[in-house]
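Here the structure comes first, spelled out in structure tokens, and everything after it is commentary.
The values are calculated or read from the model by the stated rules, or taken from the named source; none is laboratory data. The structure presented is a predicted model; accordingly, all values stated were derived computationally and were not measured. Every residue, glycine as well, gets a Cβ built from its backbone with ideal geometry; the counts of neighbours run over all protein chains shown. Quick note on the areas: whole protein, heavy atoms, side chains included, nothing else; ligands and nucleic acids left out. Shrake-Rupley method; radii C 1.70, N 1.55, O 1.52, S 1.80 Å.
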Amino acid sequence: MKIVPPPVPENPRSQRIALVLQGGGALGAYQAGIYQALDEHDLTPDWVVGTSIGAINAAIIAGNEQPMRIPRLREFWERISHRDNVDLNQVTDEARRLNTVVATMDAMVRGVPGFFAPRPFSLFPMGLAVEPEFASFYDTSELASTLGELVDFDYLNSRKRMRLTVNALKVTSGELVSFDNAHQRLGVEHIMASGALPPGFAPIRVDGELYWDGGLYSNTPLDTVLDDEPRTNTLCFMVDLWSANGPEPTTLDQVQTRQKDVMFASRSQQYINEYLKLHNLRRTLHALHEKMPGHLKTASDIQELAALGCNTTMHIVRLPYAGRDWHMASKDINFSRGSIEWRWEQGYKDALRAIGSKGWLNEVADGVGVVVHELPPYDNSPLKAVAK
């Protein structure tokens with residue numbers, strides 16, 4: 001069932017609203033804050049696309065009725081956060097950094113309650129063969145229980161549901177697969193598969209096939225939205241948790257941080273360029289068909305070219321996580337409660353900045369396929385828009 005959002009001041013043209021959430025472990029609390037701001041301003045997405053932690057957040061959002069979405073998101077992030085020994089607002093920056101190191105080490109040694117735990121007596125770390133479902137350092141069965149409690153899968157798969165798409169990588173072929181409740185019934189295993197990042201987490205078997213984290217193929221599932229058919233005018237909020245740009249590293253930790261940022265950073269510009277090529281080709285074919293003499297047109301030509309024709313516009317609002325996290329390579333496993341709360345608050349504030357500018361309401365010239373809206377520095381400037 002296609003859901004069309006009602007016209008509201010922030011979306012008077014009733015464009016489809018999509019929310020794209022990439023992987024990033026503990027950094028995903030930033031995504032929750034963004035969703036809260038969208039929900040409070042009548043910009044609740046009718047389609048959420050996620051990978052890894054983005055798939056978990058997306059499932060909690062799509063798998064609950066509107067009044068329960070924020071409470072369930074908060075419950076999830078509070079469950080998996082590590083209680084701090086001090087009030088991080090009352091101590092020095094160095095003390096906060098030390099607390100972060102302790103929280104990160106605790107997550108690595110003892111796991112994260114409600115999420116993952118070490119595998120006792122596992123032969124896998126010793127290099128010995130084990131069953132594929134146990135080929136990992138950590139056991140994620142606790143996450144399955146958590147999702148079972150916080151996601152209403154009957155609602156997620158009902159006719160009144162929000163659309164949810166999560167991406168995973170087929171282990172045996174390297175193929176990226178999208179699990180979509182618009183086309184199939186989704187369960188815990190589909191969400192778990194999207195977040196099964198090796199070697200920490202074992203692959204998840206779905207319908208007989210093993211799947212790993214979709215972020216191994218593409219950590220930002222923007223292409224899922226760009227490639228969707230039939231084409232429709234869309235307002236897409238894309239959350240970036242990793243930065244492709246950064247300073248020259250000088251220490252081992254900085255090198256590892258920069259490596260991880262580059263590996264998992266968004267490839268959105270590449271996807272947008274490919275989308276624009278196809279968009280312009282569709283428009284050209286449509287224009288050529290319009291100029292053809294009537295006697296040369298057949299019914300099948302008209303039907304086929306009508307399907308190929310494309311006059312839609314995609315507004316992409318990019319929301320980048322700007323936390324520096326002391327340039328720690330392990331920032332995505334820093335589940336310190338203070339860090340989680342800070343990221344949520346930053347996501348909320350950044351989304352409010354985007355909503356306040358409402359750059360997608362400006363008129364767009366005919367033929368423009370994509371308009372990318374970038375957040376400016378924190379100086380009350382409007383969103384910077386680039387039409388393409």
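Does the range 18-27 contain any residue that is surrounded by 23 or more Cβ atoms within 10 Å (Cβ to Cβ) and more than 28 Å from Ile333 (Cβ to Cβ)? Yes, that holds for at least one residue. For the range 243-254, a residue qualifies if it is open to solvent by less than 70 Å² (accessible area, probe 1.4 Å) and assigned to a helix (DSSP H, G or I), and the qualifying residues are Asp253, Gln254. Residue pairs whose Cβ atoms lie under 7 Å apart, sitting 6 or more positions apart in sequence or on different chains, and linking a residue in the range 55-73 that is modelled with pLDDT of 95 or more to a partner that is small (Gly, Ala, Ser), are Ala55/Ser194; Ala55/Gly195; Ile56/Gly195; Asn57/Gly28; Asn57/Ala32; Asn57/Gly50; Ala58/Gly50; Leu73/Ala32. Of everything in the range 191-242 that is in a helix (DSSP H, G or I) and free of Cβ contacts under 8 Å to residues at least 60 places away in the same chain, the residue that is most open to solvent (accessible area, probe 1.4 Å) is Leu216. Residues in the range 170-190 that are acidic (Asp, Glu) and either assigned to a loop (DSSP other than H, G, I, E, B) or out of contact with any helix residue (DSSP H, G or I) (no Cβ under 9 Å at 6 or more places or on another chain) (or both): 1 in all. Taking each residue of the range 19-37 that is within 15 Å of Glu75 (Cα to Cα) and free of Cβ contacts under 8 Å to residues at least 12 places away in the same chain and looking for partners that are assigned to a helix (DSSP H, G or I) and open to solvent by less than 10 Å² (accessible area, probe 1.4 Å) with beta-carbon atoms closer than 8 Å, six or more apart or interchain, yields nothing.
Taken over the range 326-370, residues that are farther than 22 Å from Glu10 by Cβ and assigned to a helix (DSSP H, G or I) amount to 12.
Scanning the range 182-226 for residues that are within 26 Å of Ser14 (Cα to Cα) and under 16 Å from the mean Cα position of the chain (by Cα) yields Thr220, Pro221, Leu222, Asp223, Thr224, Val225, Leu226.
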